[in-house]
Structures are given as structure tokens and as C-alpha cells.
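Just below is one structure, and these are the notes that go with it.
The values are calculated or read from the model by the stated rules, or taken from the named source; none is laboratory data. Values in this document were obtained by computation on a predicted structure and should not be read as measured data. Cβ placement follows ideal geometry from the backbone for every residue including glycine, while neighbour counts extend to all protein chains displayed. Keep in mind that these areas ignore ligands, DNA and RNA; they rest on the heavy atoms of the full protein, side chains included. Shrake-Rupley method; radii C 1.70, N 1.55, O 1.52, S 1.80 Å.
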Amino acid sequence: MNTTQSAETTTPVAPELDATDRCDSCGSQAYVRVRLQSGELFFCAHHAGEVRDSLKPTALEWHDETDRLRDEHGA
Ligand SMILES: [Zn+2]
């Protein structure tokens, strides 16, 4: 007899960023939203990588949807 214990469910995170959110550095579609005390900043995957080291320690929230980029390209 098979007893199933708490099955692991992965709840997909609903994307909060869409095509109207633009990178503050270059204007590309933003995939990262950084919430700072002074407000919010948006970055594309490229610029998110550039500012990560300097901004992340002080960020209140680092919302990263760059995984979607890999998904869209397919495995
Ligand atoms: Zn950018």
C-alpha cells in the first residue's frame, strides 16, 4: 500500500513585471525590480547583474524574474 506523504508542490510565482516595465539604465524590458528606501528601480537582466553588488545589500526587496528569460528560450 502506498501512503503519500505531503507531496511537494511548486507554486509558480505569478510574474509581477511585464513589458511596460523598463530598465532604468537602458530602456529594455525589466526583469528585476529593486525596492529601496528611496523608491523602486527596474533593471533588465544585464544591468541587474551590474548593480547587484552595490544595491542588493541596501535593497528592501530584490524581485528577480530573470528565470523567465531562460524559460522563454526553451531548454
Ligand atoms: Zn538595462
Exercise. Within the set of pairs 6 or more residues apart or between chains, which connect a residue that is on the phi < 0 side of the Ramachandran plot inside region 1-27 to a residue that is modelled with pLDDT of 70 or more and open to solvent by 100 Å² or more (accessible area, probe 1.4 Å) with Cβ atoms less than 9 Å apart?
Worked result: Cys23/His46; Ser25/His46; Ser25/Glu50; Cys26/His46
Seminar exercise, completed: Taking region 9-55 and keeping only residues that are open to solvent by 80 Å² or more (accessible area, probe 1.4 Å), within 13 Å of the ligand (Cβ to nearest atom), of a type in the set (D, E, K, R) and outside any strand (DSSP E or B), one is left with Asp24, Glu50, Arg52
For this session: Within region 56-71, track down each residue that is assigned to a helix (DSSP H, G or I) and either over 14 Å from the mean Cα position of the chain (by Cα) or at pLDDT 95 or above (or both).
Result: Lys56, Pro57, Thr58
